[in-house]
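Following: one structure in structure tokens, then a few remarks.
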Amino acid sequence: MDERDLVRGALQATGVVKKGVQLKAGVIALALFLVALIGMGMLFPGGSAQASSCEDTGPGTADAAPASGTSSGQATGTLHQQQLRYAKTIDSVAKKNGLPGRATLIALMTAMQESTLQNLDHGDQDSVGLFQQRPSMGWGTKAQITDPKTGPAFATTSFFEGRGGNTGLVDVKNWQTLPLGTAAQKVQKSAHPELYAGHESAMRSLAKEAGIDLERSGTSSSSGTTTDTTTSSTEPVTSQNTSCAAAGSGSDTTTGGASSGKFTDGKQTWTLHNPRSVAEAIQWAKNHAGANSTSDWYRRCLAFTANVYGWSFSGVNYAIDHYKVVPASMRHDGDRHPPPGALMYWDTGHRAGHIAVYLGDGKIASNDILRPGYIDVVDAGLIESKWGSKYIGWTPPYFPKAG
């Protein structure tokens, strides 16, 4: 039933087809009925943003939506269905080039970090495609990399074999025994090399679902790889068998990066292990807000906060639930004086609630509050005054289930 059906029913119910007093009474009743519909949002819906489902279901989730702004040739279906399709493409290219399943796994982890395993027609600067390869750097033309039919295979071949003077995976010395994330970084040369390793478990699961054999041996004898005989007899190093953290590890707790330092409320101090330090996270949030924001964030407040700290996903479905998975000793119920970098929470009257990153000076980085889908830096109190939400409290930027 649409609005026209409702109005038609209202006309019939109020007796507009009759004359005289009945007509006047019917018009009055109709007016009241329409006002009620507007109040319930059944007419003119969707005009203002609401934080009604700020969730983060993470990669490989069947009901997750594909990223907005993708090319018209993007694979159809849910994000998970797209990931399965592109995973199979990556593996088919690996097989065609005689590469083992380990090459497929490295490529899957890389593509998940770079594009969430989607054939994007946009990215940082001129980066595009599954692996966010830059045409200006010799990886091919934008059309070649993003073509809906041939682009994914073209980009994957480039990742494995190199192109335009760029190093491919098979050009990396001892890539078959390097840690998976390290091998990926040798090709990608990312500003955040620690993030690739965190996708290993999820990509192993995705590969299993796609029927991909990651233990497959390679058949190529001319891949250009070089094996170090001092390590070739040992088990290949992975982020699992070396007990590395899911997304970056390290012993430095003061300078940011793989371990992101200490966080205090003035009484207690906690050591964080996010991929980004607090200072880096705040700067990242600012850099992705306002005029620099993309339209990808509609109702994805929890996903945004996880991304701010360098995680690909939070591992928790809803913002309000994230507050509950943080240890009680870290929760600051009702306290309105969080340190910069803290996570702030609100009860919006909906299942999900809302979460935002506190930047300091009373400001937060939040999605949807000014523009649906975009990130803006606003006063923290706006969540309550505009949405009528109830403030819950804050926690350190702790993500116990993230990856």
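The values are calculated or read from the model by the stated rules, or taken from the named source; none is laboratory data. The structure presented is a predicted model; accordingly, all values stated were derived computationally and were not measured. Glycine gets a Cβ as well: all are built from the backbone with ideal geometry, and neighbour counts include every protein chain shown. Remember, those area values only see protein heavy atoms, side chains included, never the ligands or the DNA or RNA. Shrake-Rupley method; radii C 1.70, N 1.55, O 1.52, S 1.80 Å.
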Which pairs turn up if I take residues in segment 256-267 that are in a loop (DSSP other than H, G, I, E, B) and look for partners that are at pLDDT below 85 and of a type in the set (Asp, Glu) with beta carbon separation below 6 Å, at least 6 apart in sequence or on another chain?
Ala258/Glu194; Ser259/Asp252
Applying the selection to segment 152-191, what residues are without any contact (Cβ under 8 Å) to a residue 60 or more places away in the chain and either part of a helix (DSSP H, G or I) or basic (Lys, Arg) (or both)?
Phe154, Ala155, Ser158, Phe159, Arg163, Asp171, Lys173, Thr182, Gln185, Lys186, Lys189
Trp175 at negative phi, open to solvent by less than 10 Å² (accessible area, probe 1.4 Å) and aromatic (Phe, Trp, Tyr):
yes
Among residues of segment 298-313, those that are touching a His at 6+ places or on another chain (Cβ under 8 Å) and over 19 Å from Ile364 (Cα atoms), counted
1
Using beta carbons and a limit of 9 Å, which pairs, at least six apart or on different chains, have the first residue in segment 204-217 and among the β-branched types (Val, Ile, Thr) and the second one surrounded by fewer than 17 Cβ atoms within 10 Å (Cβ to Cβ)?
Ile212/Lys88
Counting only residues that are in contact with an Asp or Glu (Cβ under 9 Å, 6 or more places away or on another chain) and at positive phi, segment 337-352 contains a total of 0
Can you find, within segment 261-275, the residue that is nearest to Gly362 (Cα to Cα) among those that are open to solvent by 20 Å² or more (accessible area, probe 1.4 Å) and not β-branched (Val, Ile, Thr)?
Asp265
With the checklist (1) free of Cβ contacts under 8 Å to residues at least 12 places away in the same chain; (2) surrounded by fewer than 18 Cβ atoms within 10 Å (Cβ to Cβ); (3) closer than 30 Å to Asn274 by Cβ; (4) among the charged types (D, E, K, R) in hand, flag the one item Asp126 doesn't pass.
(1)
All conditions in (1) among the small types (Gly, Ala, Ser); (2) open to solvent by less than 40 Å² (accessible area, probe 1.4 Å); (3) modelled with pLDDT of 50 or more are true of Ser223 except (3)
